[in-house]
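Each remark here refers to the structure printed beneath this line.
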Amino acid sequence: MNETLSPLTSAGVLAALAVVPIIVSWLIVLVPSKRREACGIVVGNPLDAAVLAPYQPVVKKPLVSLSRELNTADMGGYLLGMRQLPVEAAAPLLARYVRCADPALQLYAQSILAQGREQLQTQLAKLQRAPEDDAQCAAWMLETGLTLASPTLTGVAERPGFLQHLAELAAARLKTTASTPALLGQAVLVFLEAGRPEDAEPLLVRLPQGSSLRAELEPAVAHALHQKRFA
């Protein structure tokens, strides 16, 4: 009798042992472990239940018009937002508020203008240290200098001297680097702003014939030469 049951018992034990891994695997799937609970997994899209941001209407009026209509508190917010704009684009309006009667708006405008000037001066100094045979950096240098030389960013007393300095930089770079259209075009603009159209005229013939850049600059150079002859 014992000899007859022993094979059956062995088979039962083996069957039980074979079932145990299946049961354990199902328990792992069905019963969440502490590790799974602690990891904070969220099923679904949490943005579906998020609170939507308040609706902001589109402002269609120009800032110049708004500056004449808004009160001090509202205009302060617009001035602070001008930090995100290129300083040369916001400078005319900022210069106006530098001279306004409200001390807070004066402070905002002065701070934004000073920060923009500092960034341009840092960029110009970096480009001046670039290799003298780098035509691309030379064109960027003159473009940055012209932006910095705008009347709203450079004072009346400083502007003529700075423009002459920029013109000398342009003349020096034209001798040491390739005359690319970008560099020639910026040099022409520098010479025009510095009151030296006679230096700009020879550069026009070095621009590609029929190019839009040459067609745009030729009338400006001719007008400046005409004015200088009759000055």
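The values are calculated or read from the model by the stated rules, or taken from the named source; none is laboratory data. What you see is a predicted model; the values in this text were computed from it and never measured. Note: ideal-geometry Cβ built from the backbone for every residue, glycine included; neighbour counts use all protein chains shown. These area figures cover heavy atoms from the full protein model, side chains too; ligands, DNA and RNA do not enter into them. Shrake-Rupley method; radii C 1.70, N 1.55, O 1.52, S 1.80 Å.
Within region 81-96, is there a residue that is open to solvent by 70 Å² or more (accessible area, probe 1.4 Å), farther than 25 Å from residue 148 by Cα and of a type outside the set (A, V, I, L, M, F, W, C)? Among the residues of region 81-96, not one is open to solvent by 70 Å² or more (accessible area, probe 1.4 Å), farther than 25 Å from residue 148 by Cα and of a type outside the set (A, V, I, L, M, F, W, C), which makes the answer no. Could you give every pair whose Cβ atoms fall below 8 Å, whose first residue belongs to region 123-138 and is under 15 Å from residue 174 (Cβ atoms), and whose second residue is part of a loop (DSSP other than H, G, I, E, B) and among the polar types (S, T, N, Q), counting only separations of at least 6 or pairs across chains? The qualifying pairs are 132/177; 133/177; 134/177; 135/177; 135/179; 135/180; 136/180; 138/177. Tell me, yes or no, whether region 30-48 has at least one residue that is surrounded by fewer than 10 Cβ atoms within 10 Å (Cβ to Cβ), closer than 30 Å to residue 108 by Cα and at pLDDT below 70. Checked against the condition, which is being surrounded by fewer than 10 Cβ atoms within 10 Å (Cβ to Cβ), closer than 30 Å to residue 108 by Cα and at pLDDT below 70, region 30-48 yields no hits at all. Consider region 159-206 and keep the residues that are charged (D, E, K, R) and not in a helix (DSSP H, G or I). The one that is nearest to residue 124 (Cα to Cα) is 196. Within region 190-205, residues that are closer than 17 Å to residue 159 by Cβ have Cβ atoms under 7 Å from residues that are in a helix (DSSP H, G or I) and among the polar types (S, T, N, Q) in these pairs: 194/164, counting only partners at least 6 apart in sequence or on another chain. With respect to residue 171, is the statement that it is hydrophobic (A, V, I, L, M, F, W, C), at pLDDT 95 or above, surrounded by fewer than 18 Cβ atoms within 10 Å (Cβ to Cβ) and out of contact with any Lys or Arg (no Cβ under 7 Å at 6 or more places or on another chain) true? Taking the combined requirement at face value, the residue satisfies it.
Considering region 207-217 alone, what residues qualify as being surrounded by 15 or more Cβ atoms within 10 Å (Cβ to Cβ) and assigned to a helix (DSSP H, G or I)? Before the answer, list the steps.
Pass one, region 207-217, residues surrounded by 15 or more Cβ atoms within 10 Å (Cβ to Cβ): 207, 213-214, 217.
Scanning region 207-217 gives 213, 214, 217.
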